[in-house]
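> Right, I'll just put the structure down here and ask away after.
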Amino acid sequence: MDRTQCLCEVAVNFGVSVSTSQNLTKGYQEFAGVESSVTTKVKGVVSTKHLTADDFNDNYKGDKDIYIRVWDNTDLVVPASENGAFFVTTNTIITPNQTLSVCPEDADVSDAICDPKVPDMCVDKVFNLGHGVSTGKCVQSSREGVHTCQIEGWCPVEKDDYPLKKNRPLFTDTKNWTVLIKNSIRFDNYNVRRRNIIEIENSSALRDCIYDPDHNPGCPVFVLNDIVKWANEDYDSISQYGGVIGIDINWDCNLDFDIKYCVPKYYFRRLDDPKTKIAKGWNFRYADYIDNYRTLYKATGIRFVLLVSGSAGKFNFIPLVIKIGSGLGLLAITTIICDIVVLYLNKGGKYYKDKKFQYVEQVDNQYTDIMATNLRQRTTSDEQSNRLTDD
């Protein structure tokens, strides 16, 4: 083997060895998926008593008192418990004292606009975006100079705009609230259980800690504003129409080491598209009922979704043998790669090709010459034998 091909094979062997060593990274381990459960506990208080009548839109000034008060997590975390998620209200529309009766449909429902001079305009009409069933009458709406069809349903109907001017959110101070995330996981194959809460004797340490990825990564208590910031969003902006923030909890554990090193890592991202123009954000409605009355709430806010992933690896002889075998198999391609490089990508390829291969035509010519020589020798031998016989 000449020096060029030797160097080629050394280089290829080195490359294959490197790739094989990368392939063997944790190749000696058998892996198991994670089973998980997550619960959350949000805490905080916010006051809107600093608001004045000038902060409210004109159609809310009569109801402003129901917005100016102290709110806690029981008021604004709705529902109180979700599976793998929690919701914090950042803005709301409250429609108090609704009863089942008749009233004008909302003037923003375009199908409900009517002319009292046109008879039967509201008869048998169905409003897909309305709040009730049409009674067939055309009446004055809450908006001056606008008539709408009368409906039977929960009255008065909900207002279509938010309480504060310029759609400012009511509860931006919820950014300072905290959430305790309790994540319990299990690697079934190895019967290993872990929590994201470090076992310590002093419980006050948990009560006083705040998560920080650099200085306190083991604390399970998070500030809501920090979560949104780490998702590259602004809390005040997302509070206006709401949104969905993902909290990824990843467990990547090597069980060949001490179990204390099996700890989670947290990642944060926004899940909904903030650039959408239609049906943007996150909101829903719920109601509190008392006798024949109800108070309707349209809650806008941030939904935090917790997503748990991970795996655990532990030494196992079988995957180790398989990985080593596959690595050795890669070495078999060394000669093929070097042949391609030396014969086709090298300037002296023709020289190496002449040295490496013996062409069939040359072999045939040599074989023909040998056969002809043998035939001549045999013919000469036969002739000599015949002469001796004749003599």
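> Is it true that some residue in the range 84-100 is surrounded by fewer than 17 Cβ atoms within 10 Å (Cβ to Cβ), free of Cβ contacts under 8 Å to residues at least 60 places away in the same chain and not basic (K, R)?
So far as the range 84-100 goes, no, none of its residues is surrounded by fewer than 17 Cβ atoms within 10 Å (Cβ to Cβ), free of Cβ contacts under 8 Å to residues at least 60 places away in the same chain and not basic (K, R).
> Modelled with pLDDT of 70 or more and not assigned by the TED database to the domain that holds D256: is that true of G325 in this structure?
On the way: modelled with pLDDT of 70 or more: yes; not assigned by the TED database to the domain that holds D256: yes.
Yes.
Condition check ((1) surrounded by 14 or more Cβ atoms within 10 Å (Cβ to Cβ); (2) touching a Leu at 6+ places or on another chain (Cβ under 6 Å); (3) under 24 Å from R194 (Cβ atoms)) across all residues:
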residue	(1), (2), (3)
P217	no, no, yes
W230	yes, no, yes
R270	yes, no, no
K277	no, no, no
N283	yes, no, no
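> If you don't mind, another one. Is it the case, given these coordinates, that K175 is among the basic types (K, R), touching a residue at least 24 places away in the same chain (Cβ under 8 Å) and under 30 Å from K137 (Cα atoms)?
Details: among the basic types (K, R): yes; touching a residue at least 24 places away in the same chain (Cβ under 8 Å): yes; under 30 Å from K137 (Cα atoms): no.
Spelling it out, it is not the case that K175 is among the basic types (K, R), touching a residue at least 24 places away in the same chain (Cβ under 8 Å) and under 30 Å from K137 (Cα atoms).
> Sort through E158, E199, E152 and tell me the only one that's surrounded by fewer than 18 Cβ atoms within 10 Å (Cβ to Cβ) and within 24 Å of S36 (Cβ to Cβ).
Numbers: E158 fails: within 24 Å of S36 (Cβ to Cβ); E152 fails: within 24 Å of S36 (Cβ to Cβ).
Matching residue, one of E158, E199, E152: E199.
> Next question, about the same structure. Filter the range 305-320 down to residues that are buried (at least 19 other Cβ atoms within 10 Å of the Cβ) and out of contact with any helix residue (DSSP H, G or I) (no Cβ under 7 Å at 6 or more places or on another chain) and give me whichever is nearest to G33 (Cα to Cα).
G310
> Any chance the range 109-131 includes a residue that's free of Cβ contacts under 8 Å to residues at least 40 places away in the same chain and among the polar types (S, T, N, Q)?
As a first pass, look at the range 109-131 and keep what is free of Cβ contacts under 8 Å to residues at least 40 places away in the same chain: 109-131.
Those still in the list that are among the polar types (S, T, N, Q) too: 110, 128.
Scanning the range 109-131 turns up at least one residue that is free of Cβ contacts under 8 Å to residues at least 40 places away in the same chain and among the polar types (S, T, N, Q).
> Answer yes or no as to whether D106 is within 15 Å of K159 (Cα to Cα) and either touching a residue at least 12 places away in the same chain (Cβ under 8 Å) or surrounded by 18 or more Cβ atoms within 10 Å (Cβ to Cβ) (or both).
On the way: within 15 Å of K159 (Cα to Cα): yes; either touching a residue at least 12 places away in the same chain (Cβ under 8 Å) or surrounded by 18 or more Cβ atoms within 10 Å (Cβ to Cβ) (or both): yes.
So D106 passes the test.
> Got a number for residues in the range 134-176 being more than 30 Å from K229 (Cβ to Cβ), outside any loop (DSSP other than H, G, I, E, B) and within 42 Å of the chain's Cα centre (by Cα)?
From the range 134-176, those more than 30 Å from K229 (Cβ to Cβ) are 134-160; that's our starting set.
Those left that are additionally outside any loop (DSSP other than H, G, I, E, B): 134-140, 147-155.
Filter once more, so that each one left must be within 42 Å of the chain's Cα centre (by Cα): 153-155.
Looking only at that region, the number is 3.
> Give the residues of the range 124-139 that are surrounded by 12 or more Cβ atoms within 10 Å (Cβ to Cβ) and more than 17 Å from V157 (Cα to Cα), sorted by residue number. Walk me through how you get there before you give the answer.
So the first thing to find is which residues in the range 124-139 are surrounded by 12 or more Cβ atoms within 10 Å (Cβ to Cβ), and the list is 125, 127, 130-139.
Across the range 124-139, the qualifying residues are K125, G136.
> Quick one: P116 ticks every box in (1) surrounded by 13 or more Cβ atoms within 10 Å (Cβ to Cβ); (2) in a loop (DSSP other than H, G, I, E, B) bar one, so which box is it?
(1)
> Can I ask one more? If I198 passes every condition in (1) of a type in the set (V, I, T); (2) closer than 23 Å to L76 by Cα; (3) part of a loop (DSSP other than H, G, I, E, B) but one, which one does it miss?
For I198, the exception is condition (2).
> Among the residues that make up the range 101-114, is at least one of them modelled with pLDDT of 95 or more and under 20 Å from N225 (Cβ atoms)?
no
The values are calculated or read from the model by the stated rules, or taken from the named source; none is laboratory data. Since the model is a prediction, treat every value here as computed from it, not as a measurement. Glycine gets a Cβ as well: all are built from the backbone with ideal geometry, and neighbour counts include every protein chain shown.
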